[in-house]
Amino acid sequence: MKNNFKRNSIILVTLFFLTASSILSAQDKWGKGFAFEQNKRLGRGVNIIGYDPIWKDASKARMKDKHFKLIKEAGFNNVRLVMSPFKFSMNDSTYEINPSFFITLDYAIKESLKNKLMVIVDFHEHGAMEKNPLGNKAKLLSMWKQIANHCKGYSNDVLFEICNEPNMKPEIWNEIHKEAYQILRESNPKRTIVIGTINGNQIKHLKDLSLPEKDRNIIVAIHYYSPIQFTHQGAPWSKKNKDLSGIEWTQSKSEEEAVNLDFDIAQDWSKLYNRPLTLGEFGAYEKADMASRIRWTNYIARQAESRKWSWSYWQFDSDFILYDMDKDDWKTEILNALIPLKK
C-alpha cells in the first residue's frame, strides 16, 4: 500500500513538473524572447501604399504584384503597410468600415506574404488623432476591432501597429493604446503588437511610454528625421523647413555623434526595459542634395542595424521615394544606401 502511494505521488509530482514546464515553455515562446525574434526577422523594410490610388480604385493602383517581388529581391524583409481606415467609415456611430478597404488590405498582405515579406499593419491616422485624440478614440477602437477580427487568421508574419505618430499628451496616449491593446488581444492573443512613442515617435518620449508589463510580445516603434532642417528642407508640409535649401549632411564627427547620442538613449531604454525597437520611419526629402541623402540614409540604417533594431524606410513611392514609378525603376542611390552592394 505504501509503495503504491509512493509510486502515485512520484507520478503526480512528475506530471506537475511536466505540465509546469510545458506552460513555461509556451509562455517563453510568446514571451520576451519571441518579440526579439520577430524583430530580428523584420530586419530591413520599407513603407508602402500610404498614398497610392489603390485604396480608392484598384485600376489606378501604382503598386503592382511585381513590386512586392522586387522589394523582396532587393533584399528587404518587411513592408510597413500604411493604411488610413477613417476614410472608409460608413457610419458615424458604429464606424463600420467599407468592405472595399478590406479588399485592398488583403491584397497587400497576401502579396507581401507570398513574397516572404513580413507585414506591419500601420494605423496611419495621426492627423485626426492629433486634432482630437479623445474624440476619435471610439473610432480608432471600433475600427481596430474590425481589422483585428478580419486579420486574425493571418500568420505571425503580420504585426499590428496601434497608431502611427500619436501626437498627444503621454497620459492620453497611454490610455488609448491600453484600450486598443486589450481589443487586439481578444481576437489575436499571439499577435506581435507594435506600440510607438508620442509626438512623431520621438526617441526622447520613450520614457513616457507605459506598456503592459506581463505582455512581452510587443515591439516599440521610434522614428528618426534628425536633423529636421536637413531631412525636411523644402518639404511643402513642413512649415518651419519648407523654405530651407542647400543644407548638407557631410557625416562629420559631430553629425555622427549627434545621431549616436540619440540612438544610444533609445538603446539604453531598450536594454533597461528589455523591449525590442523598430525604426518605423526615416528618410531625407528629395530637395536635399543626393550625396548628403546617401550619406545620411546609409549611416542611419547601419547604426540601427548595429543595435539590432529592425527598420522600415519612408517610403517606397510618393515622396522620399525609393522607387520611381514614372520610370518604373529603383532610385538606385537610395537603394544602395539602404542595402549596400555586396563586395
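Computed from the coordinates by the stated procedures, all read-outs in this text should not be read as laboratory data. Keep in mind that what you see is a predicted model, and the values were worked out from it rather than measured. Here Cβ is always computed from backbone atoms with ideal geometry, including for glycine, and neighbour counts include all displayed protein chains.
Segment 28-84 and segment 94-161 have Cα centres spaced 13 Å apart.
Of all the options 112, 270, 252, the one that moves most in a Gaussian network model of the chain with Cα springs shorter than 10 angstrom is 252.
With an 8 Å cut-off on Cα pairs and a minimum separation of 6 or more residues, tell me the relative contact order of the chain in percent.
Working: 542 pairs, mean separation 59.8, N = 343.
With pairs under 8 Å counted, the relative contact order is 17 percent.
What the phi angles of segment 122-134 give under the Karplus curve with 6.51, -1.76 and 1.60, with θ = phi - 60°, is a coupling list of 9, 7, 9, 10, 5, x, 5, 5, 5, 5, 8, x, 6 Hz, glycine and proline written as x.
Computed from phi, the 3J(HN,Hα) profile of segment 75-83 under the Karplus parametrisation 6.51, -1.76, 1.60 (θ = phi - 60°) reads x, 8, 10, 9, 10, 9, 8, 7, 10 Hz, with x in place of Gly and Pro. For the peptides 77-85, 93-101, residues were scored by their other Cβ atoms within 10 Å and the scores averaged per peptide; the highest-first order is 77-85, 93-101. Here the extension length gained between residue 64 and residue 253 equals 63.9 nm, from 0.36 nm per residue of separation less the Cα-Cα distance.
List the pairs from 116/145; 253/342; 178/204; 116/152; 60/169; 40/331 whose alpha-carbon separation is above 29 Å, in the order I gave them.
Working: 116/145 26 Å; 253/342 26 Å; 178/204 20 Å; 116/152 18 Å; 60/169 39 Å; 40/331 26 Å.
Long pairs (Cα-Cα over 29 Å): 60/169.
In degrees between 0 and 90, to the nearest 10, how far off the longest principal axis of the chain does helix 290-306 point, with axes built from Cα atoms? Computed tilt is about 10 degrees. DSSP finds beta bridges in the chain, and of those with both partners inside it, around 10 percent are antiparallel.
Listed by chain and number, the aspartates and glutamates whose alpha-carbon sits under 13 Å from that of residue 131, ignoring those within fewer than 8 places in the same chain, are 165.
Out of all DSSP beta bridges in segment 71-203, what portion is antiparallel? Express it as a percent rounded to 5.
Values: 1 of 13 bridges.
That works out to approximately 10 percent antiparallel.
Most tightly packed first, judged by the mean number of other beta-carbon atoms within 10 Å of their residues, the peptides 297-307, 114-124, 235-245 read 114-124, 297-307, 235-245.
Considering the chain as a Gaussian network with a 10 Å cut-off on Cα pairs, which listed residue, 327, 110, 145, attains the greatest mean-square fluctuation? Ranking 327, 110, 145 by mean-square fluctuation puts 327 first.
Shape verdict for segment 24-122, please, from the Cα gyration tensor: rounded (a/c under 1.5), prolate (a/b greater than b/c) or oblate. Kindly include the intermediate steps, with their values, before the conclusion.
On the way: a/c = 2.87, a/b = 1.33, b/c = 2.15.
Judged from the Cα gyration tensor, segment 24-122 comes out oblate (a/c at least 1.5, b/c at or above a/b).
Annotation: aspartates and glutamates with alpha-carbon distance below 14 angstrom to residue 72 (same-chain offsets under eight excluded): 111. Classify segment 31-338 as rounded, prolate or oblate from the Cα gyration tensor: take a ≥ b ≥ c as the square roots of its eigenvalues, call it rounded if a/c is under 1.5, otherwise prolate when a/b beats b/c and oblate if not. Since a/c stays below 1.5, the shape of segment 31-338 is classed as rounded.
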